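Each remark here refers to the structure printed beneath this line.
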Amino acid sequence: MLGSISNITEDGFGSAAFHAFPSPLQIDGLLGDYGSNFFGYAVNTETYITMSKELGCLSFGGNIKKEGDWIHVKITIGAN
């Protein structure tokens, strides 16, 4: 799911693709479809909270802290 993030260059350019196969291993500014790829990442970014009898409150995609009856989650996925 994070493939669309791996092809952003140091200067912020969202290239079309990153070829991770060992022979090219380079950013490709011409081929691929970055727009729909990044849209899929953005739409599917979520944070889940669950309760485990053994471990208590758990969060996937965020940092969780319980204070009394309140549960606070700081979202870490897609956040700056």
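The values are calculated or read from the model by the stated rules, or taken from the named source; none is laboratory data. Just so you know, these numbers come straight off a predicted model, no measurement behind them. Neighbour counts are summed over all protein chains in view; Cβ atoms, including those assigned to glycine, are modelled from backbone coordinates with ideal geometry.
What the table below lists for this structure:
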quantity: Boolean, GLY14 is modelled with pLDDT under 65 and either surrounded by 14 or more Cβ atoms within 10 Å (Cβ to Cβ) or assigned by TED's automatic domain parsing to the domain that holds TRP70 (or both); calculated: no
quantity: Some residue of region 41-53 being at pLDDT 90 or above and surrounded by 12 or more Cβ atoms within 10 Å (Cβ to Cβ); calculated: yes
